[in-house]
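J.: Take this structure first; my questions come after.
All of the numbers you see were taken from the coordinates with simple rules; none came from a lab. What you see is a predicted model; the values in this text were computed from it and never measured. Cβ coordinates were reconstructed from backbone atoms using ideal geometry, including for glycine residues, and neighbour counts include every protein chain displayed.
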Amino acid sequence: MSRYVDGFVVPVPTDQLDAYRRIARKAGKIWREHGALEYIECVADDVKPGKLTSFPQSVKLKPGETVVFSWIVYTSRKQRDSVNARVMSDPRMAAMMDPKAMPFDGKRMFWGGFKTLVEL
C-alpha cells in the first residue's frame, strides 16, 4: 500500500528544544487524532555542513541552533489534504501557529509533500 508523506526541516535554537518538544507533542497528538498514521520529529545527531549543500546549509543554521527533521505519514494525498484542513481549523493549533510564540524561525523552515517511491 503506497502512502503519502509530508516532510519538514526546521532550525531550532538548542536552548528552545524543550519548548519545541512540548509543541511537537501537542501537534502530533492533534495530527494523529485527525487521522495521520505517523508523526515523527527527529533532532540532528550527525549532520555536518557540506561542500555544496546539507541540512545545516538548507536552513541557514546559526550558532546555537540545531536541525529538526520531521515527517507525517498519511494513507494518500487526498487523506493528507483532509487531515491538514481539519488540523488547521482545530482551535488547539491557534496558539502554536502564532509566529511570535514559536520556539524557532519559521521563515527558515521548509516542507513538502511526497509520494512514496519505495516501501519495504
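J.: Could you point to the residue in Phe104, Leu17, Val43 farthest towards the positive end of the chain's charge dipole, with +1 and -1 charges on the Cβ of Lys/Arg and Asp/Glu respectively?
T.: It is Phe104.
J.: What is the spread of the Cα atoms of the range 4-115 along each of their three principal axes, largest first, in whole Å?
T.: 39, 31, 21
J.: Another one. Which of Pro13, Pro56, Pro99 moves the most in a Gaussian network model of the chain with Cα springs under 10 Å?
T.: In the Gaussian network model the winner is Pro99.
J.: So if a site counts as exposed when it's one of the trypsin sites (Lys or Arg not before Pro), its DSSP state isn't H, G, I, E or B, and it has at most 14 other Cβ atoms within 10 Å, what's the longest stretch of the chain without one?
T.: Segment 1-50 is the longest.
J.: To continue, here is another question. For a paramagnetic label modelled at 7 Å from the Cα of Ser2 toward its Cβ, which residues of the range 99-116 fall within the zone defined by backbone nitrogen distances under 14 Å?
T.: Within reach of a label on Ser2: 114-116.
J.: Name the residue, out of Gly50, Gly64, Gly106, whose mean-square fluctuation peaks in a Gaussian network model built on the chain with Cα pairs under 10 Å.
T.: Gly50
J.: In whole Hz and in residue order, list the ³J(HN,Hα) couplings for the range 96-106 that follow from phi through the Karplus curve 6.51 cos²θ - 1.76 cosθ + 1.60, θ = phi - 60°; x for Gly and Pro.
T.: With the stated coefficients, the range 96-106 comes to 6, 8, 6, x, 6, 9, 6, x, 7, 8, x Hz.
J.: Once you put a point 7 Å from the Cα of Thr53 and another 7 Å from the Cα of Lys26, both along the Cβ direction, what distance in nm separates them?
T.: 3.4
J.: Considering the chain as a Gaussian network with a 10 Å cut-off on Cα pairs, which listed residue, Thr53, Thr14, Thr75, attains the greatest mean-square fluctuation?
T.: Thr53
J.: Using 7 Å Cα-to-Cβ label points, what is the Leu117/Asp46 separation (nm, one decimal)?
T.: Placing both labels 7 Å along Cα→Cβ, they lie 2.2 nm apart.
J.: For the range 91-112 and the range 30-76, write down the distance between their C-alpha centroids in whole Å.
T.: With the range 91-112 and the range 30-76 each reduced to a Cα centre, they are spaced 14 Å.
J.: In debye, nearest 20, what is the charge dipole magnitude of the chain about its Cα centre with +1 on Lys and Arg Cβ and -1 on Asp and Glu Cβ, if you could check?
T.: 260
J.: Please identify which residues in the range 31-63 have an amide N closer than 11 Å to a label point set 7 Å out from the Cα of Ala85, following the Cα→Cβ vector.
T.: none
J.: Suppose only helical runs count, i.e. DSSP H with n ≥ 4. What mean residue ellipticity at 222 nm does that imply for the chain under -39500 (n - 2.57) per run, divided by all residues and rounded to the nearest 500 deg cm²/dmol?
T.: Roughly -8500 deg cm²/dmol at 222 nm, from the helical runs in the chain.
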